[in-house]
Every structure is written in C-alpha cells, then in structure tokens.
Amino acid sequence: MRALKLLLNSSSSDPAAVFDAAIKAVSAWFFKALRLPEPMEAERPLAAYGIDSLVTVEFRNWVRTELGAVLSTLDVTTAASLNSLCEVIATALGAGRAGG
C-alpha cells in the first residue's frame, strides 16, 4: 500500500509499476478482509473468493479513501479477476492500462 501511494505521488510514475503496486495492495486488502487462507491469484475469477455486496462496498470505499480513485460497485462486481480490477483502478488513478 505504501509503495502504491509513493508511486501515485510521483510525477514520473511508470504505469506498469503502478499496476503491480495496485495488485499487491488490493490483494492484501482482500486477503485481510475476507480472511483468506492464502493470497489471491491475480488471474482467478473474483467470484471464486466469495466477494459479496458488503465487501464490495467496503472495498469501493477503501479505494476512494486510501487511493483517491472513484469506482462503482459495478466496477468491482463485473471485474473478471484481480488483474482486471486493478486495470480499472489504474485507469481511475490516471495510470492507464499497465498490466498483463
């Protein structure tokens, strides 16, 4: 999370670095919030993790508060994977498409 904030505050942020830092920060948030037994796989469908509407709203609020990105709950629920969700976040942060 700290690395992502530092990258966002940098004027010369590499979009790929922002994407990678977003993957780590978002994965860590879900790991803690969902009490997952192991870290999320970036390409696995988000639905496989049991993300419900309450978690979706909490996550959306966290992204807005901590990262300054505005997402809708639909952005979260329609994301196919952690990778695709972080692409949406990177775009909302102005980093554009950066990941794989």
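Within the bounds of segment 55-63, is there any residue that is modelled with pLDDT under 95, crowded, with 16+ Cβ neighbours inside 10 Å and assigned to a loop (DSSP other than H, G, I, E, B)? No, segment 55-63 contains no residue that is modelled with pLDDT under 95, crowded, with 16+ Cβ neighbours inside 10 Å and assigned to a loop (DSSP other than H, G, I, E, B).
State all residues of segment 76-97 that are buried (at least 20 other Cβ atoms within 10 Å of the Cβ) and among the charged types (D, E, K, R); if no residue qualifies, say none. If the condition is that a residue be buried (at least 20 other Cβ atoms within 10 Å of the Cβ) and among the charged types (D, E, K, R), then 87 is the only one that fits. The set of residues in segment 1-38 being among the hydroxyl-bearing types (Ser, Thr, Tyr) and modelled with pLDDT under 85 consists of 10, 11, 12, 13.
Within segment 21-54, being hydrophobic (A, V, I, L, M, F, W, C) and loosely packed, with under 11 Cβ neighbours inside 10 Å holds for 48, 54.
Among the residues of segment 64-82, which ones are assigned to a loop (DSSP other than H, G, I, E, B) and free of Cβ contacts under 8 Å to residues at least 40 places away in the same chain? Listed by number, the residues that qualify are 69, 70, 71, 72, 78, 79, 80.
The values are calculated or read from the model by the stated rules, or taken from the named source; none is laboratory data. Fair warning: this is a prediction, and the values are worked out from it, not measured in the lab. Backbone-built Cβ (ideal geometry, glycine too); neighbour counts: all protein chains shown.
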